[in-house]
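The values are calculated or read from the model by the stated rules, or taken from the named source; none is laboratory data. Computed from a predicted model, the values in this text were never measured in an experiment. Counting neighbours? That spans all protein chains shown, and the Cβs are built from the backbone with ideal geometry, glycine included. In case anyone asks, the SASA skips ligands and DNA or RNA and just uses the protein heavy atoms, side chains included. Shrake-Rupley method; radii C 1.70, N 1.55, O 1.52, S 1.80 Å.
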Amino acid sequence: PGGRPVLAALLPRRTAIVRAGAARDSRGLVLAANVDTAAVAVSAAARPSPGRLERLLALAYDSGARPVVVLTKADQVDPGDVAAAEAAAAAAAPGVDVVSCSALTGDGVDVVRAVLAGTVVLLGPSGAGKSTLGNALLGDAVLATGAVRDGDGKGRHTTVRRELLPLPGGGVLIDTPGLRGVGLQDAGEGLRRTFADVEELAERCRFGDCAHDTEPGCAVLAAVEDGSLPRRRLDGYRKLMRENDWAAARSDARLRAEREGRRKAISRWQRQMYKERGRDR
């Protein structure tokens with residue numbers, strides 16, 4: 001009525017992008033569901049953080065979505081700097097499409113649109129230009145945008161809620177608030193796909209349980225030594241794997257505590273029932 005959207009049906013959840021929650025109960029926070037393409041927005045005007053990019057890629061991969069890296073604000077830097085940012089992003093995201101654009105001038109937006117399909121979610125830190133990019137893809141200034149801070153170039157969290165909007169060429173767009181921190185929540189499969197180059201090398205190690213530390217016959221360390229695998233890449237792999245293992249253990253502990261709580265509650269209920277039956281007799 002009145003041109004307002006109406007909820008017609010609730011679709012079953014087939015994919016979900018989940019990050020670790022800030023609370024101590026180890027529960028995950030769903031950022032978006034039923035996503036086909038995750039557009040990870042990175043400002044070309046700021047030096048891309050490989051570690052942050054790898055985290056976002058792991059979230060996208062683990063959900064089953066196809067990640068795409070979009071370098072925004074290409075109009076704010078020289079073409080050579082854009083090329084360098086593309087190379088840095090490609091090194092942190094092997095096998096992932098990396099495209100650049102300027103949402104303000106429109107340059108490259110058609111290229112971005114061509115690599116996005118289905119339900120698309122925009123992910124990235126505040127100030128990366130997600131909402132401005134979203135408006136360019138939507139063809140209208142629908143999403144609220146704001147300027148970044150002069151001091152550090154960070155955003156002001158203009159987007160405070162997730163929005164779902166139809167794209168002109170088909171599919172839908174989900175805009176999300178900027179992410180200050182990107183904690184992993186049982187994202188083992190996503191990490192293996194994000195670091196597919198490291199995983200492939202690990203299959204050639206002499207020992208199946210190689211930790212890629214000091215073991216003889218380690219193909220990963222050999223690749224670091226000959227320069228074919230950057231040391232930073234291996235360090236990032238180790239760090240995120242440790243973090244994910246810790247989060248998984250924390251989640252397991254919570255689940256065990258919940259099961260024990262339910263068991264005790266059932267036991268108390270059973271004892272109460274026995275008492276009541278005894279009184280009835």
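Please name all residue pairs, on different chains or six or more residues apart, with Cβ atoms under 7 Å, provided the first residue is in the stretch 169-197 and is β-branched (Val, Ile, Thr) and the second residue is assigned to a helix (DSSP H, G or I).
Filtered contacts from the stretch 169-197: Val182/Arg52; Val182/Arg55; Val182/Leu56; Val182/Leu59; Thr194/Glu54; Thr194/Leu57; Thr194/Ala58; Thr194/Tyr61.
Which of (1) among the hydrophobic types (A, V, I, L, M, F, W, C); (2) closer than 26 Å to Arg19 by Cα; (3) open to solvent by 80 Å² or more (accessible area, probe 1.4 Å) does Phe207 not meet, given it meets every other one?
Among (1) among the hydrophobic types (A, V, I, L, M, F, W, C); (2) closer than 26 Å to Arg19 by Cα; (3) open to solvent by 80 Å² or more (accessible area, probe 1.4 Å), the lone unmet condition for Phe207 is (2).
Just checking, does the stretch 74-82 include any residue being assigned to a helix (DSSP H, G or I), among the acidic types (Asp, Glu) and in contact with a strand residue (DSSP E or B) (Cβ under 8 Å, 6 or more places away or on another chain)?
The answer is no; no qualifying residue exists.
Which residues, counting only those in the stretch 88-103, are of a type outside the set (Asp, Glu), out of contact with any Gly (no Cβ under 9 Å at 6 or more places or on another chain) and at negative phi?
Correct list: Ala88, Ala89, Ala90, Ala91, Ala93, Pro94, Val96, Val98.
Just one of (1) modelled with pLDDT of 95 or more; (2) surrounded by fewer than 19 Cβ atoms within 10 Å (Cβ to Cβ); (3) outside any helix (DSSP H, G or I) trips up Leu104, so point out which.
Evaluating Leu104 over (1) modelled with pLDDT of 95 or more; (2) surrounded by fewer than 19 Cβ atoms within 10 Å (Cβ to Cβ); (3) outside any helix (DSSP H, G or I) leaves (1) as the failure.
Mind telling me which of the residues Asp81, Asp97, Asp75, Asp110 ends up being charged (D, E, K, R), farther than 16 Å from Gly178 by Cα and either touching a residue at least 40 places away in the same chain (Cβ under 8 Å) or crowded, with 17+ Cβ neighbours inside 10 Å (or both)?
When all the criteria are applied, what remains is Asp97.
Specify which of the listed residues (Gly171, Gly183, Gly190, Gly155) is open to solvent by less than 80 Å² (accessible area, probe 1.4 Å), under 29 Å from Ala92 (Cα atoms) and at pLDDT below 70.
Criteria check complete, one pass: Gly155.
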